[in-house]
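The values are calculated or read from the model by the stated rules, or taken from the named source; none is laboratory data. Since the structure is predicted, the reported quantities are computational estimates derived from the model, not experimental observations. Because the Cβ atoms are built from the backbone with ideal geometry, glycine has one as well, and the counts that use them run over all protein chains shown.
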């Protein structure tokens, strides 16, 4: 996550009770979650993702019946484990033409 995202959140909770900026960050992060999910679904096939995740996460153990459900579970699992940044780096190595860093804001959720 970039330093200015940390600063934004930190500044919102120091010396103020106005959390409107934090709410804005939360809404943007939630929107980025959906965009990340859609981007992954469009860019990678099930087999692509299985190959990308070899030795890291067992794709077949991700919940859901559809590819997009698996991708959603993958994002949620890596987010809960504080490893979303690592997933984004991995995706960036496989698809460098996409600006994956913009999805770091999801870590704030």
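Listed values, structure above:
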quantity: Hey, residue 99 modelled with pLDDT of 90 or more and farther than 18 Å from residue 51 by Cβ or not; calculated: yes
quantity: Cβ-Cβ under 7 Å pairs, at least 6 apart or on other chains, region 71-86 side in contact (Cβ under 8 Å) with a residue 60 or more places away in the chain, far side outside any helix (DSSP H, G or I); calculated: 85/1
quantity: Output for region 62-72, where each listed residue is surrounded by fewer than 16 Cβ atoms within 10 Å (Cβ to Cβ), in a helix (DSSP H, G or I) and touching a helix residue (DSSP H, G or I) at 6+ places or on another chain (Cβ under 9 Å); calculated: 68
